[in-house]
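Participant: Here it is, the structure in full.
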Amino acid sequence: MVTLHRKLLGLLPRLGVRVLDLGAGAAVVYRRGVRRRVALGQGADLVLSGRTAAFRHVPLGDTGARLLLDEKGTAADERKFQLAAAAHLCGQHVTALLDRYAVNCVFDVGANSGQYGRQLRRFGYTGRIVSFEPTTDAFAKLKQAAEGDPEWQVHQVGLGREDATRSIHVGWNSMNSLLPPSDYGKGRYKRFARTRTEDIEVRRLDGMMDKALAGITDPRPYLKMDTQGYDLEVFAGAGDRVAEFVGMQSEVATLRLYEGSPRMSEAVAVYEENGFEISGMYPVTREPATGRVVEFDCVMVRAAAVPPGSSWE
């Protein structure tokens, strides 16, 4: 099958079709002279053109995948593309895991305006999504994003270790947090200098699960957390019911942007103690000057939860 696939790709250019080989059995094909744009998220696109000489190849590690970047692009543009490509590949990987582990409900904690849910739908996930976003402005956008999708529930609450009313820092766009910024965070992001707070309702995850899973036969949930330094608090609020999740995703930090947030090693240790194993690590942000990764999307699974007969081959 692989040989046949390669032969077909080799024939396409003779028919006037350009081929961008992404490796691992994947490729992008497009006609000569016609521009194509593939959205990668994070405000970056993969731009394809029939005039490939006007672009330079940007390798994505040793995966065999490549991006084409306009020669006028700067080093900063290239870094943007690399991070966007990582986000794109993370989304593809998660979608494959949802299929492999027969996930039928994704808990989207820290949904912001619905970016994650839209990505899931774009990559082909058709199961239930249950999104949690506590802040007023972001929730209004989230609600609009989920309109017309009967399998996408939205709740205007935050999740944490205990039921409570808390104040959250807002005005930081997608970086609103229940935690104050660290000194490092203040130095990295000017947005942290301007802040206001909003009172929100916080609930434990285990108290929200029955309603979220209602009507699903044999629930197989997946937990995604992106709460700006608060993921371990969300995780703690799942209590014993964390054992019901077949996979999870958490934004883990190597450099603290928020006071009191855990370092990556601490967070991963807690997840591993609860039976999860790393399936993928994707950089979210880097320091422009040093290249250090600030945060990773850490994707984890319970190996024992793979349905019988499933295989990556």
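Participant: If you scan segment 116-156, which residues turn out to be under 29 Å from residue 85 (Cβ atoms) and out of contact with any strand residue (DSSP E or B) (no Cβ under 9 Å at 6 or more places or on another chain)?
Facilitator: Passing the criteria: 118, 123, 124, 126, 141, 144.
Participant: So if I check each of 267, 236, which one is among the small types (Gly, Ala, Ser) and open to solvent by 10 Å² or more (accessible area, probe 1.4 Å)?
Facilitator: Checking each option against the conditions leaves just 236.
Participant: Right, residue 202: open to solvent by less than 60 Å² (accessible area, probe 1.4 Å), within 16 Å of residue 164 (Cβ to Cβ) and either under 24 Å from the mean Cα position of the chain (by Cα) or of a type in the set (Val, Ile, Thr) (or both) or not? So that I can check it myself, show each step before the final result.
Facilitator: Working: open to solvent by less than 60 Å² (accessible area, probe 1.4 Å): yes; within 16 Å of residue 164 (Cβ to Cβ): yes; either under 24 Å from the mean Cα position of the chain (by Cα) or of a type in the set (Val, Ile, Thr) (or both): yes.
Yes; evaluated as a whole, the condition is true for this residue.
Conditions tested, residue by residue: (1) in contact with a helix residue (DSSP H, G or I) (Cβ under 6 Å, 6 or more places away or on another chain); (2) within 25 Å of residue 173 (Cα to Cα).
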| site | (1), (2) |
| --- | --- |
| 97 | no, no |
| 103 | no, no |
| 108 | yes, yes |
| 115 | no, yes |
| 123 | yes, yes |
| 142 | no, yes |
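Participant: Residues in segment 252-263: is at least one open to solvent by 50 Å² or more (accessible area, probe 1.4 Å), of a type outside the set (Lys, Arg) and in contact with a Leu (Cβ under 9 Å, 6 or more places away or on another chain)?
Facilitator: Yes; the residues of segment 252-263 include at least one that is open to solvent by 50 Å² or more (accessible area, probe 1.4 Å), of a type outside the set (Lys, Arg) and in contact with a Leu (Cβ under 9 Å, 6 or more places away or on another chain).
Participant: Going through segment 152-208 one residue at a time, which ones are part of a loop (DSSP other than H, G, I, E, B) and modelled with pLDDT under 95?
Facilitator: Once the filter is applied, which keeps residues that are part of a loop (DSSP other than H, G, I, E, B) and modelled with pLDDT under 95, segment 152-208 yields 171, 172, 176, 178, 179, 180, 182, 189, 194, 195.
This table checks each residue for (1) touching a Leu at 6+ places or on another chain (Cβ under 9 Å); (2) open to solvent by less than 60 Å² (accessible area, probe 1.4 Å); (3) in a loop (DSSP other than H, G, I, E, B).
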residue	(1), (2), (3)
210	no, no, no
223	yes, yes, no
250	yes, yes, no
280	yes, yes, no
296	no, yes, no
304	no, no, no
308	no, no, yes
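Participant: Pairs please, first residue from segment 222-242 and over 13 Å from residue 299 (Cβ atoms) and at pLDDT below 95, second anywhere and assigned to a helix (DSSP H, G or I) and hydrophobic (A, V, I, L, M, F, W, C), Cβ atoms under 9 Å, 6+ apart in sequence or on different chains.
Facilitator: Cβ pairs passing all conditions: 228/175.
Participant: Which one is nearest to the chain's Cα centre (by Cα), of the residues in segment 97-123 that are aromatic (Phe, Trp, Tyr) and open to solvent by 10 Å² or more (accessible area, probe 1.4 Å)?
Facilitator: The qualifying residue nearest to the chain's Cα centre (by Cα) is 116.
Participant: Conditions first: (1) out of contact with any helix residue (DSSP H, G or I) (no Cβ under 7 Å at 6 or more places or on another chain); (2) within 19 Å of residue 91 (Cα to Cα); (3) in contact (Cβ under 8 Å) with a residue 60 or more places away in the chain. Residue 260 passes all but one, so which condition is the exception?
Facilitator: With (1) out of contact with any helix residue (DSSP H, G or I) (no Cβ under 7 Å at 6 or more places or on another chain); (2) within 19 Å of residue 91 (Cα to Cα); (3) in contact (Cβ under 8 Å) with a residue 60 or more places away in the chain applied to residue 260, the lone miss is (2).
Participant: Okay, moving on. Condition first: charged (D, E, K, R), touching a residue at least 24 places away in the same chain (Cβ under 8 Å) and open to solvent by 80 Å² or more (accessible area, probe 1.4 Å). Now tell me which residues in segment 159-199 satisfy that.
Facilitator: Passing the criteria: 161, 162, 163, 166, 196, 199.
Participant: If you go through segment 84-96, how many residues are out of contact with any Phe, Trp or Tyr (no Cβ under 7 Å at 6 or more places or on another chain), of a type in the set (A, V, I, L, M) and buried (at least 21 other Cβ atoms within 10 Å of the Cβ)?
Facilitator: The number of residues fulfilling the criteria is 2.
The values are calculated or read from the model by the stated rules, or taken from the named source; none is laboratory data. As the structure is a prediction and not an experimental result, all values here were calculated from the model. Don't worry about glycine lacking a Cβ; one is built from the backbone with ideal geometry, like all the others, and counts go over all protein chains shown. Just the protein is used for accessible areas: all its heavy atoms, side chains included, with ligands, DNA and RNA removed. Shrake-Rupley method; radii C 1.70, N 1.55, O 1.52, S 1.80 Å.
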